[in-house]
Amino acid sequence: MNIEISYLAAFLVGLMGGVHCVGMCGGIVGALSFGLPDDLRQQPRHMLPYLLAYNLARIGSYTLAGALLGGISALAMQLVAINQLQQILLMFAGVFMILLGLYVGGWWRILLRVEQAGAVIWRRIEPLGRPFLPVRSVWHAFLLGLVWGWLPCGLVYSVLIWAMASGGPGQGGLLLFSFGLGTLPNLLAMGLFAATLSRWMRYRWVRWLAGGAIIGFGVMELLQGLDNVL
């Protein structure tokens, strides 16, 4: 999978992972939206700047995390001089993405344990956002979104592992940026039409379609890594 296709795949993973986003972030988006003044909530176009601020900051946090892991991984590969390490990481990312697809599809919930492990770190980060609640300005919304970007999420973790195999900080950052853009339509829609979207995402066939698509991307990554190693 070349670099351009990887970015497209990361975008589609974020887009198809909307089923998971509804379950993971739906409550947060709803709480943030309903915490805004009544006059804003009654007109969706007035809520849009706040929702964009939340989400662009969240995507910024993803991009920073991807750049950090991509850079650390590239440095480690240079230090240990293991030529196949990148392909091994790519295969690991593929396996993790397959597990994520099984999770999103509702077939196997093993990644719930990974998110629970990440909650240990989240408990230390989450208090940083409390001073900005309730949200009183777009700037507060942006700062709150920066914190929100570190919420434990199996979907994000799978792409972060992918970023470790990307080859460097620029590639890792762009991979997470592409993924974040893919999540944007679903999370914006949740802020504006939370109840309607939540009901739609409960359909089993929607979860199966999204889970199957993510599994497909995971298989592609796994096969690419295997092909380069063997």
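Could we say that LEU64 is closer than 26 Å to LEU188 by Cα, in a helix (DSSP H, G or I) and touching a helix residue (DSSP H, G or I) at 6+ places or on another chain (Cβ under 6 Å) here? When the stated conditions are applied, LEU64 does not pass them. Close contacts from region 153-171, counting a first residue that is touching a residue at least 12 places away in the same chain (Cβ under 8 Å) and under 18 Å from VAL219 (Cβ atoms) and a second that is not in a helix (DSSP H, G or I) and not aromatic (Phe, Trp, Tyr), with Cβ to Cβ under 6 Å and a gap of 6+ residues or different chains, come to LEU155/GLY17. The residue pairs whose first member lies in region 75-103 and is within 20 Å of SER158 (Cα to Cα), whose second member is of a type in the set (Asp, Glu) and at pLDDT below 80, and whose beta carbons are closer than 8 Å, counting only pairs six or more residues apart or on different chains, are LEU90/GLU221; MET91/GLU221; ALA93/GLU221; GLY94/GLU221; MET97/GLU221. Can you tell me which residue in region 151-184 is surrounded by the fewest Cβ atoms within 10 Å (Cβ to Cβ), limited to those that are aliphatic (A, V, I, L, M) and not in a helix (DSSP H, G or I)? The extreme case among them is LEU151. Scanning region 167-204 for residues that are modelled with pLDDT of 75 or more, more than 17 Å from the chain's Cα centre (by Cα) and not charged (D, E, K, R) yields GLY167, GLY168, PRO169, GLY170.
Here is a yes/no grid of residues against (1) on the phi > 0 side of the Ramachandran plot; (2) modelled with pLDDT of 85 or more; (3) of a type outside the set (Gly, Ala, Ser):
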residue	(1), (2), (3)
ASP38	no, no, yes
GLN42	no, no, yes
GLY60	no, yes, no
ALA65	no, yes, no
LEU68	no, yes, yes
GLN78	no, no, yes
ALA81	yes, no, no
ILE88	no, no, yes
TYR103	no, no, yes
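With respect to the conditions (1) surrounded by 19 or more Cβ atoms within 10 Å (Cβ to Cβ); (2) within 20 Å of the chain's Cα centre (by Cα), LEU112 lacks only one, and its number is (1). Listed conditions (1) closer than 26 Å to GLY212 by Cα; (2) in contact with a His (Cβ under 6 Å, 6 or more places away or on another chain) are all met by GLY106, apart from (2).
Taking (1) within 30 Å of TYR50 (Cβ to Cβ); (2) crowded, with 21+ Cβ neighbours inside 10 Å; (3) at pLDDT 85 or above in turn, HIS140 satisfies each apart from (2).
The values are calculated or read from the model by the stated rules, or taken from the named source; none is laboratory data. Because the structure is a prediction, the values reported are computed rather than measured. Don't worry about glycine lacking a Cβ; one is built from the backbone with ideal geometry, like all the others, and counts go over all protein chains shown.
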